[in-house]
Every structure is written in structure tokens, then in C-alpha cells.
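Values quoted throughout were computed directly from the atomic coordinates according to the rules given, and no laboratory measurement underlies them. Just so you know, these numbers come straight off a predicted model, no measurement behind them. Cβ: placed from backbone, ideal geometry, glycine included. Neighbour counts: every protein chain shown.
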Amino acid sequence: MSPLRSKRDASGGDAGDWERGRDIRLPFRVTLQDGRELRCEEILRLLPGRRLVCRAGLGGETFLAKLFLGEEAEREARADADAVRAMMRGGIPTPALREEAKVRGRSHRVLLFDYHPRARSFREAWAAGDAGTRQRLLDDLLRLVARQHRAGLQQRDFHLGNFILDAAGGLYAIDGGDLRVSPRPRGRTAALADLAMLFGHLPRPELSRERLAAYFEERGWPPDSGFEKRLRRAADRARHRRARRIGRKAFRNCSEFLVRRRGRFHLCQRRDLDPSVLDAWMAAGGLVPRSGDHLLKEGNSQTVWQSRLGERPVVVKRYNLKNRRHALRRALSRSRASRSWENAHRLRAYHIATPEPLAMIEERRGPFRRRAWLITAPAPGQGADRYLREALDETDLVRLSEVVNAFADNQLAHGDMKASNFIMDEARVQVIDLDSMRRHRLPWRRRAAIYRDQARFLENWSGEQRRRFARLQRRRPR
């Protein structure tokens, strides 16, 4: 489980901001009802003013401590503890609940669990694994979820962060607060709801009859093709909901993003990008290409260049105003940088790679928008037109086709599938220029847009390459 960034208290003294703040000085101490002191060393999860999860020391032992804050602290701690005890009774692997405690002079509650050093989330293990490792991980997860359902447990908000692997690779369920507890095993309706959210977090091709076999075997259910079809539709809906949620989240203050004003500029940025570094870059004239920057593209509508943000190499795309008429049209409409920023984050839900978006900047005068900038990590490699110029290697063609097919499978239209918008190297294919990407609401418009995408993609190629790509585009838009 990856720790969150926190401020280190060099004196080692107490910090009073842990109850409400987001930037918490470490270490801090919490006095329990019986006078013992819990010392928090590392923050693992944080919901300011509601919940804090940390690695903590108490009486010479190390625990995973969950601190429940606010008005609902007692109810939430009790629900979490009840669900964990239900998992322990059902023989479901979960870090053992060692103690329940209160904070002296506060209504806060504390749960202490066994701490697993070097544990990582299922999501982290999945991202780092090869195809064989991912298959094993998913089989293990489906069996564990089946055991939860058999014990009467169902996820309130299924996400892959609710499962961890210890240093030896053992899989554990965590976070009892996200579980509903029932005295009876969960039926097919509840199972479908949980599994839809599970597969909604994974690439669409991961859902198959072979994958579901592990779950059905653990439940003692016979294979059910009707269940699989319903599950696929429900998983698609869950994936689209997650994409919308991630896209909206990128425009508000939260643990991942920071939204702020700087003079006439409106900024959305990743929280792990130091605001002072971004401000210094802007103050030094970074919003225009400078000496030492590398110009990649200069046109009427956009200018693209490579720059450095502190020690970090970045690519900056500035969306220009071509003339007064263009400026007037853009003044009250959403900026292309804003659309690209949202779409880059939405693609995470579909497991389609794009350069990491770091910040989006809009120049505003009151309600009127002017120029806008998108700052991303650089994409190593070359445009597909250059990378595949002489290539007839089927592996490279398949890799690129899988990305094009992923757009169609997920009912997405890119809007401009020219070859240079796919950046390829030996490791992966990344998609750029996302300001026109959308998922049309009406099915007939969706199909038409995807057909246009696929036709535009084939226009990039000729001869044998075109014929091979045409064969690889076997999936038709739904």
C-alpha cells in the first residue's frame, strides 16, 4: 500500500492538524483513553476530517491503525469491526483486528490491525505483472470474493484498493467499512453487482467464461452463460461510470488534484506536482517557448514544445487564439485543454495509455476564457507512421490495432486517428490529442463516429500494412 505524501515534523513533536488537515506533519501522537500513546509514522490513506489510516507504533509493536473521526466515528468504526470479525469467522484472509480503542477527550475511535510490511495493493500488483501473473492474481481475487459472498459479505463500493498482497504474495481483503454484512450467503443479483464493479476496474477483455470459472467453482455454481452476458453489460456500465467519475474528479480539490487561481490563471494540477515549482516556471515565462526548450509544433491553433518543470521534463501544448472571431467563439465555450485534461484521466478507466497529464492552465478574464495550456509527461518513442515505416512485424501491428480496437470496444471515438497521434516504442503505445475524444450518447452516432475513426486509421497505411490492419480491425462498433 503506497504511503501518502506528508510533512515531516523535524522535532518529532505532536502535530495538531491530523484531525482535519491534508498536509499532516509526521510523526504525530494520539493519546488513547487508557493513557497509552499511539505514534503514527506513515499515512497510508486519508479522508480529511473523517478517516486516517497509518502505520503506527504502540507498546513496542507496529500496527495498522485506523482512526475514525467526526460525528459518525463510532458508527463507522463499529461497522468496520463487525465486517472484519465476519471475515475472520468465515476464514477469509484479512489482517487480524487486534484492538478497539477510543481517543482521550475526543469522540474519535481507533481500530488496530496486524501490520504487513511491504504489502502492496492488488492494483499495484496487477499493473506490475505480466499476463501469467495477472491471470493468477485475478483467479485468486475471484475466489476470495466468492468466499466473501458465501459468508454474506458484499462490497458497498468495490475497488481494487480493498485488497492487498503481503510480501509472500498472499492475498488479503481489507477495509471492512466498505462491506455490507448479511447472515445469509449472497445470491446471484448481489454477486453480479459486485463482479460488475470488479471487472469495471479491469480492461474489458479480462471478462471471459474462463475467468469466471474460478468464482463459480468456489461458489459451487454451474456455468451460466446468461449470467456472463448480464455481467458483461453491467461491467461496461460500471466502467463508463468510473470514467465519468475520474474525469469530474480532475476538476476539484481532492487527494489527487489541486484546483486554484493564480492571478488571471485558473489551474488544475496533480497534487504531487509542487505548486511552487509550477508557479516559478510560469513566472519565468514558461507559458511561451524559451531558450533551451525544444519546439515540436508551431501552428495557428496550437503550439507544442518540450520544456522542464524544475527537474522534470514535460511537454507543453498551448491552444492559441487564431483571430478575434476565434477568440470570441472560444470565450464562452470549454477550452480544448480542459477537454484533453478530462479525457486523459477518463482513459485510465479504459486502460488506454496516454502521457500522464500533470496540469491544465486556462487564462480567464471574469467568465471569459482565452488561451489554455496542457502540461503532460513526455511520451517516449515515435509516431506510429515513423515507427512502422518499414515494419512488417505482426507483433507491432497487433499492439497498435489493440489500442484502436480498445476505443471501439469501449464505445469511444477519438476524433482524429492519424498515425502521428499514436506514440510507439518497444514497451507500449500511447495516444495523444484527446480534445475531440468523446462517447456519444446516441447509439447510431456512436457507431458512425467509431466507423469514421477506423476508416481514418486505415488511411494512414497502404499496401500490405493496410491489408493487415484491416484484418486486425475485426471488431465492429456496438
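Shown in residue order for the stretch 396-401 are the 3J(HN,Hα) couplings computed by the Karplus curve 6.51 cos²θ - 1.76 cosθ + 1.60 at θ = phi - 60°: 5, 5, 5, 4, 5, 4 Hz (x for Gly and Pro). Debye-formula intensities of the chain, expressed as log10 I(q)/I(0) at q = 0.06, 0.13, 0.14 Å⁻¹, are -0.33, -1.34, -1.42 (one equal scatterer per alpha-carbon, no solvent).
Across the stretch 135-142, coupling constants 3J(HN,Hα) worked out from phi with the 6.51/-1.76/1.60 Karplus curve, θ = phi - 60°, read 4, 5, 4, 5, 4, 4, 5, 5 Hz, and Gly and Pro carry x. Under the simplified labelling scheme, the ARG104-GLU426 pair shows an inter-label distance of 6.0 nm, with each label point 7 Å from Cα along Cα→Cβ.
Listed as lacking a disulfide-compatible partner in the chain: CYS254, CYS268, by the criterion of no other cysteine Cβ under 4.7 Å. Mean sequence separation of contacting Cα pairs (under 8 Å, at least six apart), scaled by the length of the stretch 107-198, corresponds to a relative contact order of 34 percent.
Under the convention that each Lys and Arg Cβ holds +1 and each Asp and Glu Cβ holds -1, the size of the dipole of the chain around its Cα centre is about 2800 debye.
Contact order, relative form, for the chain: 8 percent (alpha carbon pairs under 8 Å, 6 or more residues apart, mean separation divided by residue count). Taken about its Cα centre, the stretch 344-478 carries a charge dipole of about 1000 debye when Lys and Arg each add +1 at the Cβ and Asp and Glu each add -1 at the Cβ. Relative contact order, whole percent, for the stretch 257-376 stands at 26, derived from Cα pairs under 8 Å and 6 or more residues apart. Count Lys and Arg as plus one, Asp and Glu as minus one, and take only other residues whose Cβ is under 13 Å from that of GLU72; the net charge is then +1.
In the calculated pair-distance distribution of the stretch 257-376, the portion above 19 angstrom amounts to 47 percent of the Cα-Cα pairs. Counting only DSSP H runs of at least 4 residues, each contributing -39500 (n - 2.57), and dividing by the residue count of the chain, the helix-based mean residue ellipticity at 222 nm comes to -11500 deg cm²/dmol. Between the stretch 245-278 and the stretch 162-236, the alpha-carbon centres lie 34 Å apart.
The residues packed around GLY226, meaning those with a beta-carbon under 15 Å from its beta-carbon, carry a net charge of +4 if Lys and Arg are +1 and Asp and Glu are -1. Averaging 1/r across all pairs of distinct Cα atoms in the stretch 120-249 and inverting the result yields a Kirkwood radius of 15.0 Å.
Where both bridge residues fall in the stretch 7-114, DSSP classifies roughly 95% of the beta bridges as antiparallel. Assuming charge only on the beta carbon of Lys and Arg (+1) and of Asp and Glu (-1), the dipole of the stretch 120-249 about its Cα centre is about 780 debye to the nearest 20.
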